[in-house]
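These notes are about the structure you will find just below.
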Amino acid sequence: MTFRESLGQSESSGDYAAKNAEGYTGKYQFGPARLADFMKAKGQQFSMAEFQGDPRLQEEVQAWHEGDILDFVS
């Protein structure tokens, strides 16, 4: 299992439609602040509901998130 697969299982049991009590949503459990970072960086706009219903977008955000963390570390 890859890191991303393990993360998705840990965060939401792999459920793209998941939402927790604190308002984090999607397979990887993103919140509004981090999604705002992504939208600013990529010049995109979408609602939490749109994000929750779009697996492709969730994977795009996760890929960006991983890259952003690695850029910060290096």
For q = 0.16 Å⁻¹, Debye-computed log10 I/I(0) when each Cα of the range 1-42 counts as one equal scatterer:
-0.43
Cut-off under 5 Å, modelled amide H: who pairs with F30 long-range
T25
Scattering profile of the chain from the Debye formula, Cα beads only, expressed as log10 I(q)/I(0) at q = 0.13, 0.22 Å⁻¹, is -0.35, -1.00
Can you give the local net charge around G14? Use residues other than it whose beta-carbon is closer than 13 angstrom to its beta-carbon, Lys and Arg +1, Asp and Glu -1.
-2
From the residues S12, F30, F72, which one has its Cα farthest along the dipole of the chain in the positive direction, the dipole being from +1 and -1 charges on Cβ of Lys/Arg and Asp/Glu about the Cα centre?
F30
From DSSP H assignment alone, runs of 4+ in the chain each adding -39500 (n - 2.57), the sum over residues rounded to the nearest 500 puts [θ] at 222 nm at -18500 deg cm²/dmol
From highest to lowest solvent-accessible area (probe 1.4 Å; ligands, DNA and RNA excluded), V73, V61 read V73, V61
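Counting heavy atoms of the protein chains only and a 1.4 Å probe, report the per residue accessible area for the chain as a whole number of Å².
63 Å²
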Counting only protein heavy atoms and a 1.4 Å probe, tell me what percentage of the chain's accessible area is made up of carbon and sulfur.
54 percent
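The values are calculated or read from the model by the stated rules, or taken from the named source; none is laboratory data. Please read all numbers here as calculations on a predicted model, not as lab measurements. Note: ideal-geometry Cβ built from the backbone for every residue, glycine included; neighbour counts use all protein chains shown. Keep in mind that these areas ignore ligands, DNA and RNA; they rest on the heavy atoms of the full protein, side chains included. Shrake-Rupley method; radii C 1.70, N 1.55, O 1.52, S 1.80 Å.
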